[in-house]
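Read through the structure below, which is laid out as structure tokens, and then see the notes.
The values are calculated or read from the model by the stated rules, or taken from the named source; none is laboratory data. On a predicted model such as this, the values are computed, not experimentally measured, just so you know. Methodologically, a virtual Cβ is constructed for each residue, glycine included, from the backbone with ideal geometry; neighbour enumeration extends over all protein chains shown. Surface areas here come from the heavy atoms of the whole protein model, side chains and all, with no ligands, DNA or RNA. Shrake-Rupley method; radii C 1.70, N 1.55, O 1.52, S 1.80 Å.
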Amino acid sequence: ILVSLITGVLFASPAFAYQELDSVDGGAVSGSVKISKSPPKATAKAVTKDHGACGQSQPDETYVVGKDGGLANVVVFLDGIKQGKKIGQPKAEVDQQKCRFAPHVTAFPVGTHLTVKNSDAILHNTHTYLDGNTVFNFALPMKGTKATKTIEEPGIIKYGCDVGHTWMNAWSYVTEHPYVVVTDQNGKFTLTDIPPGEYTVKTWHEAAGARIAKVTITKGGTASIEIGY
């Protein structure tokens with residue numbers, strides 16, 4: 001498998017209309033994303049307010065490396081796939097929990113109903129940006145407060161909390177199709193129900209950037225790939 005670095009410009013895909021098929025007699029791709037070099041040393045983020053709820057510091061979640069160098073929180077998707085399984089009515093949730101956004105990275109298709117939640121007994125807000133423009137900005141003033149937004153535009157959404165919790169951040173990667181996933185704690189991933197054919201697998205990591213690989217999907221088969229950083 002050839003894996004290469006690609007720039008932000010090349011990473012963007014041209015607009016296209018995704019076609020949902022009634023049935024997909026396809027295959028899958030399963031694999032892992034690994035980092036071969038030592039990532040920058042993580043430095044704890046200083047907490048500057050609400051120490052009772054937030055503690056004195058918070059971990060840096062930029063690089064989470066698991067077993068055998070598996071890299072977590074990497075978005076993996078099929079680039080430019082034009083038809084396949086139905087998107088349906090997907091849902092996702094991002095929780096403000098212990099003064100962190102959880103999960104740190106999510107990925108889902110356009111049309112997803114995204115719920116943001118405050119599980120802390122202090123004031124939070126969730127302010128999200130796409131290309132520097134606000135997607136939504138929800139005040140979540142007390143524990144259990146929720147708000148929901150349907151995400152209608154693809155791209156990379158960045159999260160923050162504007163009430164002095166400057167260490168809080170997270171990301172959502174939004175695609176035009178349902179073939180997108182985030183690697184687990186050990187860098188593993190699987191994409192299923194893919195129509196047979198040749199595809200480009202792309203990845204995105206908030207700091208390490210993007211990679212690209214080619215994969216062949218066969219009817220009833222599971223292709224296996226390893227992508228390196």
Skip the ligands, DNA and RNA, and give the accessible area per residue of segment 131-207 with a 1.4 Å probe, whole Å². 46
Highest-fluctuation residue, V163, V201, V94 considered, GNM on the chain with Cα pairs under 10 Å: V163
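If you keep only loop residues by DSSP, which trypsin sites (Lys or Arg not before Pro) in segment 70-104 have at most 14 other Cβ atoms within 10 Å of their Cβ? Present the calculation step by step, with values, prior to reporting the outcome.
Numbers: sites: K82, K85, K86, K91, K98, R100; in loops: K82, K85, K86, K98.
Passing both the DSSP loop test and the Cβ count: K82, K86, K98.
Sort 50-60, 217-227, 103-113 by packing, meaning the average of other beta carbons within 10 Å per residue, with the highest value first.
Details: 50-60: 13.4, 217-227: 14.9, 103-113: 19.5.
Put in order of decreasing packing, that is 103-113, 217-227, 50-60.
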For the chain, cysteines whose Cβ has no other cysteine Cβ within reach (under 4.7 Å): C161
Backbone HN-Hα couplings from phi across segment 210-221 [Karplus 6.51/-1.76/1.60, Hz, Gly and Pro as x]: 10, 9, 9, 8, 9, 9, 10, 9, 10, 4, x, x
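Could you check how much of the accessible area of the chain is carbon and sulfur, as a whole percent, using a 1.4 Å probe?
On the way: 5650 of 11240 Å².
Here carbon and sulfur together make up 50 percent of the probe-accessible area.
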Which labelled figure in (i) 18.9, 58; (ii) 18.3, 55; (iii) 16.5, 47 is Rg and Dmax of the Cα atoms in Å, once derived from the coordinates: (ii)
Karplus 3J(HN,Hα) series, Hz, for segment 105-117 with 6.51 cos²θ - 1.76 cosθ + 1.60 (x for Gly, Pro): 10, 10, 8, 6, x, 4, x, 5, 8, 9, 9, 10, 9
Would you please give the residues with an amide H less than 5 Å from that of S57, counting only those at least 5 places away or on a separate chain, with H modeled from the backbone geometry? V47
Given springs between every Cα pair under 10 Å in a Gaussian network model of the chain, which of T192, T175, T43 has the largest fluctuation? T43
Return the whole-Å distance between the Cα centroid of segment 39-75 and the Cα centroid of segment 85-134. 18
Using θ = phi - 60° and the Karplus relation 6.51 cos²θ - 1.76 cosθ + 1.60, list the HN-Hα couplings for segment 30-42 in order, rounded to whole Hz, with x at every Gly or Pro. 9, x, 8, 10, 10, 10, 8, 10, 5, x, x, 4, 6
